[in-house]
Amino acid sequence: MFEHLETPEQLFIFKLGSAMTMEKDSLHMLEDLESEAQRADLKTLFREHAGETRQQIANLEQCFSLLGQPVHESPSPTTKGLAKEGKATLRKTDAGLADVVVLSGALETEHYETAVYEGLITSADALGQPAVAQLLRQNLDQEMAAIVKIQEAAKLVAGQPKGD
Ligand SMILES: [Fe+2]
């Protein structure tokens with residue numbers, strides 16, 4: 001989209017595009033996590049967050065629209081790397097420990113997403129875009145709530161690592 005980022009506005013649009021790529025990758029990852037998870041309650045957790053992620057993608061599309069920009073996807077290799085790491089660990093891990101691996105991958109991803117939204121909100125506020133910042137805060141709040149749910153599930157699973 002931009003050859004070179006010269007203004008805070010261009011940088012913000014570029015980073016918003018990276019968040020769009022991140023959420024689309026995250027949606028694929030959540031679908032994988034749902035199928036890899038052994039426990040039914042974890043499958044539900046991942047399915048519900050996939051639904052939230054679809055809403056987050058819609059919020060990002062609305063951010064572009066509020067800024068008068070076409071929806072744009074910038075490179076975002078981090079989530080792909082986290083997914084790759086999780087899959088590699090799963091391949092070498094006993095099935096009874098799969099949920100521990102799946103939950104740590106999910107937690108790592110959600111913390112990354114949270115950091116991305118914190119940066120975007122700071123920029124949206126600085127650029128005088130309160131409506132955009134509010135949509136991004138909705139996404140951040142959902143990511144933070146997901147972290148709490150994943151941490152609670154991780155504590156339960158860690159106490160009974162052999163599964164159902
Ligand atoms: Fe998320």
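Our estimate of slack between Arg54 and Lys155, defined as 0.36 nm per intervening residue step minus the Cα-Cα distance, is 33.7 nm.
Extension gain for the segment Leu11 to Glu61, taken as residue separation times 0.36 nm less the Cα-Cα distance, is 16.3 nm to one decimal.
Just reorder Lys155, Lys43, Lys15 by solvent-accessible area, largest first, 1.4 Å probe, all chains present. Show your work: numbers first, answer last.
Details: Lys155 155, Lys43 60, Lys15 110 Å².
Accessible-area ranking of Lys155, Lys43, Lys15, largest first: Lys155, Lys15, Lys43.
For a 22 Å ceiling on Cα separation, which of these pairs sit above it: Lys24/Lys92; Lys15/Lys43; Lys43/Lys149; Lys15/Lys149? Checking Cα-Cα distances, Lys24/Lys92; Lys15/Lys43; Lys15/Lys149 exceed 22 Å.
Note on the chain: with neighbouring protein chains present and a 1.4 Å probe, carbon and sulfur make up 55 percent of its accessible heavy-atom surface. Residues Arg54, Arg137, Arg39, sorted by accessible area with the largest first, give Arg54, Arg137, Arg39 [1.4 Å probe; ligands and nucleic acids excluded].
Give, as a single signed number, the net charge of other residues whose beta carbon lies under 15 Å from the beta carbon of Phe2, with Lys and Arg counted +1 and Asp and Glu -1.
Details: positive: Lys15; negative: Glu3, Glu6, Glu9, Glu73.
That sum, taken over residues with Cβ under 15 Å, equals -3.
Add +1 for every Lys or Arg and -1 for every Asp or Glu among the other residues with Cβ under 13 Å from the Cβ of Arg54, and state the total. Walk me through the intermediate numbers first.
Values: positive: Lys24, Arg47; negative: Glu23, Glu31, Glu48, Glu52, Glu61.
Summing Lys and Arg as +1 and Asp and Glu as -1 gives -3.
Summary value for the range 8-159: 30 percent relative contact order, contacts being C-alpha pairs under 8 angstrom separated by 6+ residues.
Annotation for Asp32 and Leu127: the two label points, set 7 Å from Cα along the Cα-Cβ direction, are 3.0 nm apart. Max-minus-min Cα coordinates of the chain on each principal axis give 52, 28, 20 Å, with the largest extent listed first. Per residue, the solvent-accessible area of the chain (1.4 Å probe, heavy atoms of protein chains only, all protein chains present) comes to 53 Å². Comparing mean-square fluctuations of Gly119, Gly128, Gly17 from a GNM of the chain with C-alpha springs under 10 Å, the top value falls on Gly128.
The values are calculated or read from the model by the stated rules, or taken from the named source; none is laboratory data. Quick caveat: nothing in here was measured; it's all calculated off a predicted structure. All Cβ positions, even for glycine, are placed from backbone atoms using ideal geometry, and neighbour counts span all protein chains on display. All accessible areas refer to the heavy atoms of the entire protein, side chains included, with ligands and DNA or RNA removed. Shrake-Rupley method; radii C 1.70, N 1.55, O 1.52, S 1.80 Å.
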